[in-house]
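Working notes, beginning with the structure itself.
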């Protein structure tokens, strides 16, 4: 997996820019086309083994193998675009973009931004939680198996977002 250090540095720079009124935190996930291509190659391989004419089996077998390989490369290299969370510093609002979720107004007291362990192995997540309880809003999660440098950058991003949104910052601090 490739490092997300350039992305994290860019997000920190955007959050620090006084002229910026918002920042978009992308959801780091593979593009769904990788699944389509990989499964299509698998299906072609299974079909070729049983039903393809003998004259075409070798060529179709290689095509199926190539499709599976391309699907794996796409999974590793292509990120889904335009899905994540927009944080509006002026209106103090958090809104989902391209995904299901609920918006939150951070104008009221009791909101905190936490830097916590993510769902993936060796990942960190940023979540907004309210003192009243309820489901937290997970607005960012680093990639799985992120290194210590990426973890420090996620922590710096949490510090900067909490400062700009004027909310309390809790959780891990690196």
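What angle, in degrees between 0 and 90 and rounded to the nearest 10, separates the Cα long axis of helix 5-16 from the longest principal axis of the Cα atoms of the chain?
Approximately 30 degrees, to the nearest ten.
Express the relative contact order of region 33-77 as a whole percentage, based on alpha carbon pairs under 8 Å and six or more residues apart in sequence.
Here the relative contact order equals 60 percent.
May I ask for the distance between the Cα centers of region 102-174 and region 48-81, given as a whole number of Å?
40
Between residue 19 and residue 168, what is the spin-label point distance in nm, taking each point 7 Å from the Cα along the Cα→C-beta axis?
Each label point is offset 7 Å from its Cα along the Cβ direction, giving 3.6 nm.
Assign one of three labels to the chain, namely rounded, prolate or oblate, based on the Cα gyration tensor with a ≥ b ≥ c the square roots of its eigenvalues; rounded applies when a/c is under 1.5, prolate when it is not and a/b is larger than b/c, and oblate otherwise.
It is prolate, given that a/c is not under 1.5 and a/b is the larger ratio.
Using Cα atoms only, what is the angle between the long axis of helix 33-51 and the major principal axis of the chain, expressed in degrees (0 to 90) to the nearest 10?
It works out to around 20 degrees.
Ranking 119, 100, 88 by Cβ neighbours within 10 Å, fewest first, what do you get?
Going from least to most buried by this count: 100, 119, 88.
Cα-based Rg (one decimal) and Dmax (whole number) for region 92-157, in Å?
Just the Cα atoms of region 92-157 yield Rg and Dmax of 12.8, 36 Å.
Provide 31, 151 in ascending order of the number of other Cβ atoms located within 10 Å of each residue's Cβ, fewest first.
Ordered from fewest to most neighbouring Cβ atoms within 10 Å, 31, 151 come out as 31, 151.
Length gain on complete extension for the stretch residue 77 to residue 107, per 0.36 nm per residue less the alpha carbon to alpha carbon distance?
7.0 nm
Taking the Cβ of each residue in 9, 169 as the centre, tally the other Cβ atoms inside 10 Å and list the residues starting with the fewest.
Placing the least packed residue first, the sequence is 9, 169.
Using only helices, what value at 222 nm comes out for the chain when you add -39,500 (n - 2.57) per DSSP H run of length 4 or more and divide by the total residues, to the nearest 500 deg cm²/dmol?
-13500 deg cm²/dmol
Dividing the convex hull volume of the alpha carbon atoms of region 33-77 by its residue count, what do you get in Å³ per residue?
43
Every number in this text was worked out from the coordinates using simple rules, so none of it is lab data. Values in this document were obtained by computation on a predicted structure and should not be read as measured data. Every residue, glycine among them, receives a Cβ derived from its backbone with ideal geometry; neighbour counts consider all protein chains shown.
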